[in-house]
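Just below is one structure, and these are the notes that go with it.
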Amino acid sequence: KIDREFIKDIPESESDMQISSIIIYLAKQLGYKVVAEGVETTEQMVFLKANRCDLAQGFYFSKPVPAHKTMIMLEYQQSGNQAL
């Protein structure tokens, strides 16, 4: 898992981009999947996709959702609708 501290300043911070890239590379070499947390912008998501990050979580996708509403939200989205 890549901590949000390394994600929050992408793409402005070259060192955060390098650290995140290295984490992804090493995890892939070891056969692990990588999750980036705290993704908030399209630029961050583009960077993570370009570096083959497997999963991401953060406000880019949704504000925090109570557990009991998660299934309703997912079913709604799968039915072809975009958001509640």
- Message: Give the lysines reachable from Lys8 as a straight Cα distance under 21 Å; neighbours fewer than 8 places away on the same chain don't count.
- Response: Lys33, Lys49, Lys63
- Over the chain: helical MRE at 222 nm, DSSP H runs n ≥ 4 each giving -39500 (n - 2.57), nearest 500: -14500 deg cm²/dmol
- Just from the alpha-carbon atoms, what are the Rg and Dmax of the chain in angstroms? 14.4, 41
- Task: List, largest first, the extents of the alpha carbons of segment 40-84 along their principal axes, each in whole Å.
- Result: 32, 21, 16
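Read the figures in this text as sums done on the coordinates, not as results from a lab. Since the structure is predicted, the reported quantities are computational estimates derived from the model, not experimental observations.
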